[in-house]
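Report on the following structure.
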Amino acid sequence: MPGGGDLLSPHLLRSLGQKEYEKRKGAALEIEQAIKELRDAGQHERVRDVVHYVAHDLAASPHPNVRKGALHALAGVAIGLRDDLPRFLPEILPPVLAAFCDPDCRVRYYACESLYNVAKVARSHTVAHFNDIFEALYKLSADTDLGVQNGFQLLDRLMKDIVAEAETFNLGAFMPLLRRRIFVANSYTRQFLIGWIAILDSVPDIDMLSHLPDFFDGLFHMLSDANKEIRQQAYAVLYDFLQESRQASALEYEPVVAILVQHCASRDRFSRLTALTWLHAFLSLGKPQLLPFCPAILGATLRSISHGEDEISDAAAQTDRALRALLQSSAGADFDVEAILATLVQHVRAEHVRTRVTAFEWIAALLRQRPAALLRHAEPLWAALLDALGDESEEVVFLNIEVIARLAAQRGYFTVALGRVMGRFAECRPLLEARAPLILRQLTSLLEPRRVYVELAALIVRQCDDLPFCTLIVQTLNAILHTSPALRALRESLRAATGGDGGGDSGDGGDGAAATAAARGGSGTRGGRAKGPPVAAVAGGAGGAGGESRAAASSGKGGADGGADGGAEGGAALFCQLYAAWCHAPVALLSLCLLAQAYEHASELICKFATAEGGEVGSVEFLVQLDRLVQLLEAPVFARLRLQLLEPERHPALVKALYGLLMLLPQSGAYQTLQQRLSAVPQLGLLRLHIGFRDKEATGTTKGGKAAGAREGEPRIDFVALQATFEAVQSRYREQGRTAQEEQWLPLDEDES
């Protein structure tokens, strides 16, 4: 039986190998006619022999012209076979596709032409061989020869038409190939891939969206292509998929979201912006399937929310709002609070202020929505919160304090929260000096002031080993107590501590009503007395204060005895609870006594100041604090005290205390200020005071009167015990001072001594 070569005449074979295109083309037409005759005669085996000879002998020839002729011949065979072509495609296609990689550009061009003719005849039957054809086209798409590119374009369009018309397409078999080839850098090849993804997605019976994770990442990488046209084409395809995803009933979110999160960190702005747009679109749908991916999405938005380009930061902010809305609308659903919190803890230390602010807003929102879940994982959060207290941005600090206050408001966390803040102050002295006033003032505006002060006082007593720290923190708390508008009720409560006119005044400033009352004599220690049982004073040193503070913190209204903030009883309890802590700052303690209208005790303290040596009393810092106290006496908070000077005969202890304070001051501006204030005391009142003392001396009653607060119906404060507490605390300061001084002594040589 003759082989394929015997069926072709020597002249025909020579013509197929000619250099001239027309001669090769003529030979191919003769082969086409011969194949038609063999097909009509039903001699399919002889056709197969011809195909085999051309594919294996001629197509593999070392001569380029012969290889070109073989491609013409294979196209002629395909045309000649017509409807019988499908059974011969497995033999015809391989040599044609192999020629796509031929080193001769003209051979590659004729390979395109040959496959074009084959596909035009076979049409939908080529779809069964689509992966092989696609692979060959993929390689040819980056060809630099203009002629080859023209042939490639024609063939590519034809194959797209064929696939679009085909009744079936094995997408599952094609996806692994696309997944392998999608990550390519060549712009022409990228354009080829984008075109095929678009055409496949346009076919109604082909569900490309279900296979989106296979090529999604590669498409996103194309958004950063140097060629603007490629970027636009990739974006257009991605936009179409985004629109389809809005109506999709089932989309594999996990890999898609993971890819989007990855590209939200891209250095390419277009890729980053598109990724954020996708995330926002997903979240806007409000699908609960996205809840497991909230930590990853949150991290992506926080990384972009402080981006230098407004368009990206705005997109991140929109995505962040959509994520919050999703969590809020899914109140009953479970999501990974621990993972979200870990992400937030990471970003509260971020470089950019806006990122840190957003992270704290998230933590506050979680505390509002899921307090129990957050508290179970709050331990890693505390380190970040305490570090952020020293943040350079006040906005961050305010939000941080709000979070700490919300934590403190949870059951059983009040003491823990304040204790950790105090612990950080003790560890970081610069933070204490720079930020403690702001932090503590804000805490007292967010939490119940009385509870805060009582608990802080107890903590100071418990942490009294660090004496310099105790002094600084008490001075800070005292300044806030006297100046913060949020502590007005607390000051009113303290004013009633000794049964003075603690009630009835509408403000700290001593308004017209108060001045009128003072002028009429209605604002002395006779008025405004509240009746109640005795209040236990702090005795026996620092230990008692801690117990009372703990009791106050556990009380519903903040008092150690469960009393209200107002009234003499509640004020006396508060005064006693603060006293032991305030002993660490003598001048602060003096101002506390003046605020509480414990003028006689204040006078006794000043006498102690004058006789004490060492420790805090008598130091340069002590004199500085006295100077500040004089300035404070001129502030609105002590307007009532100044009005009481109009009646010195009714407030002799106050006059004595202020004159004693004047005597402690060196000749300075503060001395002049206080002296001028005391010079305004009515002389007639001082004369009455003098006559009153002289009458008491004559009757022998100057030393036998009742102590402050011992009048009938008034709370009894044991000032003797309080003074003992003060002396005990100050003795520790004196001892510490002596020890520090001895450590500075130079050692003596024992032989010389």
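Values quoted throughout were computed directly from the atomic coordinates according to the rules given, and no laboratory measurement underlies them. Because the structure is a prediction, the values reported are computed rather than measured. Neighbour counts run over all protein chains shown; Cβ positions are idealised from the backbone, glycine included.
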With r defined as the distance between the Cβ atoms of Arg376 and Gln243 and R0 fixed at 51 Å, what FRET efficiency is calculated, to the nearest 0.05?
0.80
Just to confirm my numbers, what's the Cα centroid distance between the range 23-77 and the range 302-340 in Å?
65 Å
Taking only Cα atoms of the range 1-168, what ratio of Rg to Rh do you get with Rh as the Kirkwood inverse-distance radius?
0.95
Which loop-located chymotrypsin sites (Phe, Trp or Tyr not before Pro) does the range 122-193 contain, where loop means any DSSP state but H, G, I, E or B and the Cβ has at most 14 other Cβ atoms within 10 Å?
Phe183
First select every other residue whose beta carbon is under 9 angstrom from the beta carbon of Arg642; then total the charges, Lys and Arg +1, Asp and Glu -1.
+1
Based on other C-beta atoms within 10 Å, arrange Phe216, Phe398 from fewest to most.
Phe398, Phe216
Please work out the FRET efficiency for the pair Thr483 and Val203, using the Cβ-Cβ distance as r and a Förster radius of 51 Å; give the result to the nearest 0.05.
0.10
Measuring from centroid to centroid over Cα atoms, what is the spacing of the range 627-641 and the range 123-147 in Å?
91 Å
In this model, which of Lys68/Lys160; Lys120/Lys228; Lys19/Lys139; Lys25/Lys120 are farther than 22 Å apart at the alpha-carbon?
Lys68/Lys160; Lys120/Lys228; Lys19/Lys139
So for Cys294, Cys428, fewest C-beta neighbours within 10 Å to most, what's the order?
Cys428, Cys294
Counting Lys +1, Arg +1, Asp -1, Glu -1, what net charge surrounds Arg123 among other residues with beta carbon under 15 Å of its beta carbon?
0
Report the local net charge at Ile162: Lys and Arg +1, Asp and Glu -1, summed over other residues whose C-beta lies under 15 Å from its C-beta.
-2
Give the order of His44, His482 when sorted by the count of other beta carbons within 10 angstrom, beginning with the fewest.
His44, His482
Give a quick list of GluC sites (Glu not before Pro) in the range 319-419 that DSSP marks as loop, anything other than H, G, I, E or B, with at most 14 other Cβ atoms within 10 Å.
Glu351, Glu392
Nearest-0.05 FRET efficiency for Arg429 and Ser679, computed from C-beta distance (R0 51 Å)
0.80
